[in-house]
Each structure stands twice: as structure tokens, then as C-alpha cells.
Amino acid sequence: MSVSLSSRHRSDVVARLRAAGCVFAEDEARLLISAALTPGDLAAMVDRRAAGLPLEHVIGWAEFCGLRIAVDPGVFVPRRRTEFLVEQAVALVRATAGAPVHPAAGGLVRHSAGAPARPAAGPPPVVVDLCCGSGAVGAAIAAALGRTELHAADIDPAAVACARRNLAAVGGRVYEGDLYEPLPATLRARVDVLAANVPYVPTEEVGLLPPEARTHEPLLALDGGTDGLDVLRRVAAAAPRWLAPGGHLLSETSERQAPRAAEAVAASGLTPRVAASDERNATVIIGTMATLAGPVGRAADG
Ligand SMILES: C[S@@+](CC[C@H](N)C(=O)[O-])C[C@H]1O[C@@H](n2cnc3c(N)ncnc32)[C@H](O)[C@@H]1O
């Protein structure tokens, strides 16, 4: 794909995008030009982008953890900061299989990379991507771990259709419904990683989001209720029924919400910990289920 353009026409595209307020106009122009099949196609794409449609909805995909994730119109665009949640999930699975284990401190753990790989023998880790949207989180965890039994669910039919396409290659099964309701009962007490990037914007702050999100992403994907933690509270309350001993719930929040989110996780009986990355501007609440031997949480770092 990609249309061939004179340098003048290319500059026109950049100028149009810049005038529409696109900060990374040069990069966006390159992506649009490489995605367009014909000059007419390119003109239509530039129009849609200049009118405020998210770039990812215009070109049809988003880059996430080095993967190209299909993102249909009306489906939440995976954010790069959520790559931190994926890294934490992957590190926890790897640590479970042989890295030195540290008790969960309940405090702030700064990001560090690296843990031994899970051995190839034994059953694959069971991963659930709850509130999966496009399925980006599940796809990235599965891509990093290799052998994975992956399940994903979302209440929005558009998201479910999109996730089914993204997760087909890794054999992921995608269900439609409210939180855990559509998951097979056979998953109970078997889930090693429950990744739930739920909506967490406080209702009153939805109006402050950039227009791209406000206008082109569903409210259902953004609005987390009065303090932004309504969905997380529901997810945390039921998580112990689904997690395997030593399994982990991971959920992104803002830095400000982290203490209350940790309280919600603790109230469900999981051992909470907060992981944060300044570099990625990301905060993740991790709730760990007690192992059969005792209430020991595991941290991949620190
Ligand atoms: C913030 S988006 C995250 C999507 C995806 N996990 C990601 O990181 O790109 C939240 C998603 O939660 C879904 N959602 C909201 N309420 C839900 C519910 N009660 N049950 C299942 N999914 C829900 C929305 O449809 C949306 O796709």
C-alpha cells in the first residue's frame, strides 16, 4: 500500500494536518500516505483526520507493544501508557515460574524490566482480558508469553467484533457481556492474570478529555462513575472467584486514584500493590490472590 506523492503534495498534506491542530503532522502524514491506496483515498483520510477523527480510526490500526492492533471506528484506541500494564502482567507470569519471589509490600514499586521466562513445560498461563476493547492488552500479553490460554470479554458488540479479529491469531476466545458474566464457569479459580483496563475517568472529568476521545470513543469506555472507580470496584469484588491461587488482577488508574483503588482491591481480599512508571505516566493496581501456602503476593521487581 501507499500512494506516491510529489514532495509538494506531501508538504500540502503536512500543512493541512498542522492547520487542523495535529502536533505530529509530519509523522501522521507519513502514516496516512502509507495507508492510502489511491490519491482519492488519501484525500478522504486527510479530511477525516482534519475533522478530528483519531488517527488510529482513520488508518484502522494502532501500534501497541510493537503490534499492529486493528481498531474499528467507535472502539477505544489502546493507549501507549497501557503497555506498562502489559509489562507488569508478563513479568508476574514469568516470576511465578522461577524468579526470586518478594513479598508484596503494598507500597509503590517503580518499574524495572527482566525476569526469567516461564518454562515451556506445564500448562500455559491462563490470561483473561476483561473490558478488552480491541483486545490489545490480551494480544500483547499473549505475544510476549508465547504459550497462553487467552480469554477476553467486553460489553460492547463493536469492541467484541474488533477483539475477535485481533485475537484470532493467538487463539483467544472473546465473549460479549457485562464483566465476568459471559466467561465460562470452567475459568473459575484458574486465572493467572486478570488484566482489566476498565473505564476510570471520573464522570465530571469526561468533558475535559480531548475532543478525539470525547467525540469518537464510546462514553462506556471512558466513564468510570463519580470517582472513576465504579467498574474497578465491581471487577475487584468478584476477582477472587476467578483468580487461581497466586493469580493477579491488574488494572490501570490515575496516580490520584491509586490509594482508593488499592483499598478496593484490599477489600476484596487480594493483596494490593501499586506499580508506577514516571516515564510512561502510568499507574497500575495489582491485586494478588493468596497462594495455597499463605497470603504471599509476588512482585516481579523491587
Ligand atoms: C478504557 S477501555 C479499555 C479497552 C482495552 N482494555 C484497552 O486497554 O485498549 C474500557 C472498555 O471497557 C468496556 N466496558 C465498560 N463497561 C463494561 C462492562 N460493564 N462489562 C464489560 N466491558 C465493559 C468498554 O466497552 C471498553 O471497551
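The values are calculated or read from the model by the stated rules, or taken from the named source; none is laboratory data. As the structure is a prediction and not an experimental result, all values here were calculated from the model. Backbone-built Cβ (ideal geometry, glycine too); neighbour counts: all protein chains shown. In case anyone asks, the SASA skips ligands and DNA or RNA and just uses the protein heavy atoms, side chains included. Shrake-Rupley method; radii C 1.70, N 1.55, O 1.52, S 1.80 Å.
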Antiparallel as a % of all DSSP beta bridges within the chain, to the nearest 5?
50
Explain nothing, just the number: relative contact order of the chain, from Cα pairs under 8 Å at least 6 residues apart, as a whole percent.
18
Calculate one ³J(HN,Hα) per residue across the stretch 159-165 by plugging θ = phi - 60° into the Karplus curve 6.51 cos²θ - 1.76 cosθ + 1.60, and present them in order as whole Hz with x for glycine and proline.
5, 4, 4, 5, 5, 4, 5
What whole-number value in cubic angstrom gives the convex hull volume per residue for the C-alpha atoms of the chain?
132
In Hz, Karplus ³J(HN,Hα) per residue of the stretch 248-260 (6.51, -1.76, 1.60; θ = phi - 60°; x = Gly, Pro)
10, 9, 10, 9, 7, 9, 7, 4, 5, 7, 3, x, 5
Mind listing the long-range amide H neighbours of Phe64? Cut-off is under 5 Å, sequence gap 5 or more, other chains count too, H placed in the peptide plane at 1.01 Å from N.
Ile69
Under the helix-only model (-39500 (n - 2.57) for each DSSP H run of 4 or more, divided by the residues of the chain), the mean residue ellipticity at 222 nm, to 500 deg cm²/dmol, is -10500 deg cm²/dmol
Length gained, Arg81-Ala213, 0.36 nm per residue minus C-alpha separation, equals 46.0 nm
Charge tally in the Cβ shell below 13 Å around Arg80, where Lys, Arg are +1 and Asp, Glu are -1, Arg80 excluded:
-3
The summed charge of the Val191 Cβ neighbourhood (under 12 Å; Lys/Arg +1, Asp/Glu -1) stands at 0
Give the shape of the stretch 147-302 as rounded, prolate or oblate, defined through the alpha-carbon gyration tensor: a ≥ b ≥ c are the square roots of its eigenvalues, a/c under 1.5 means rounded, and otherwise the shape is prolate if a/b is larger than b/c and oblate if not.
oblate
Give the carbon-plus-sulfur fraction of the accessible surface of the chain in %, rounded to a whole number; probe 1.4 Å, heavy atoms of protein chains only.
56
If unit charges are put on Cβ atoms (+1 for Lys and Arg, -1 for Asp and Glu) and the dipole of the stretch 1-63 is taken about its Cα centre, the option from Leu37, Leu17, Gly60 lying farthest towards the positive end turns out to be Leu17
Given a 1.4 Å probe, how much area per residue of the stretch 1-49 is accessible, in Å²?
60
